[in-house]
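Please read the structure below before turning to the comments.
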Amino acid sequence: MSRVSVPDRSPSKFEVKENALELARQIRELDIVRNFGYKIRMAQIPKNWNQWSEESQQKWLEKEAMRIEKLRAWDEGYLADQRKKINDQITDLLINIERANRYKRPKTIEEANRRLIYQDEALGACGALLILLEDIMFTLRSQIDKNWLTQIGPLIEKEIALITGWKKSDAEMRKAVYRVEAERGRTIIRKGVEEAGENMVLRAVFAALGIENEGNS
């Protein structure tokens, strides 16, 4: 995989989403139409095949058929498991992009943090997709066309770069939200201190006058 570069400009939410949708489309097409490039390859016929007896040839063919059947059963079970994991990660990627966009103008620290968490979850889904696809390529290396990863890999890396840039562009917005929340907290504290101070003064006055303050009793 090539190194992921983070764009200097802020990606639009549509660019992040559109690339994710294209990534999902290509992976599902690769899965459904091309079965991840999976193809069981028969062993080559021995060079001295014509010199074998008919019985020896038949035994070789039966053994090869058994090998292929076992390979197909194991590989198809493995692919079914990986297929589910990949589809789960694609779903997580798309859902978390949508969830992050619910808080495109966060007004509280909680909302800003939720947006950041969803962006991180989307990044995690991209990383998981890379690991799953590379695992397929390694596990089925003798029965798979590796060229398909050259199409999918760059799309995943682009999505990682776009989401990373998206988070980076949010940094100032998060700082602004934190400042507003901090000032709001300080205002509440100052008001509380002032009110507490006033009550203490009133208590002292009432006590000096020998008057019981029912509101503070």
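Some points to look at:
- A search for C-beta distances below 9 Å between a residue of region 84-96 that is within 13 Å of residue 21 (Cα to Cα) and surrounded by 14 or more Cβ atoms within 10 Å (Cβ to Cβ) and any residue that is modelled with pLDDT under 90 and not hydroxyl-bearing (Ser, Thr, Tyr), counting only pairs 6+ apart in sequence or on different chains, returns 87/27; 87/28; 87/31; 90/27; 90/28.
- The listed residues are 84, 63, 47, 70, and the only one of them that is over 26 Å from residue 162 (Cα atoms), among the charged types (D, E, K, R) and at pLDDT 85 or above turns out to be 63.
- Among (1) touching a residue at least 24 places away in the same chain (Cβ under 8 Å); (2) out of contact with any Cys (no Cβ under 8 Å at 6 or more places or on another chain); (3) within 25 Å of residue 82 (Cβ to Cβ) - the single one residue 137 does not satisfy: (1)
- Qualifying position, being over 28 Å from residue 156 (Cα atoms) and not hydroxyl-bearing (Ser, Thr, Tyr), among 95, 68: 68
- Condition check for residue 125: crowded, with 17+ Cβ neighbours inside 10 Å, among the small types (Gly, Ala, Ser) and under 23 Å from residue 18 (Cβ atoms): yes
- Region 77-123: number of residues that are under 30 Å from residue 179 (Cβ atoms) and not hydroxyl-bearing (Ser, Thr, Tyr): 25
The values are calculated or read from the model by the stated rules, or taken from the named source; none is laboratory data. What you see is a predicted model, and the numbers here were worked out from it, not measured in a lab. Note: ideal-geometry Cβ built from the backbone for every residue, glycine included; neighbour counts use all protein chains shown.
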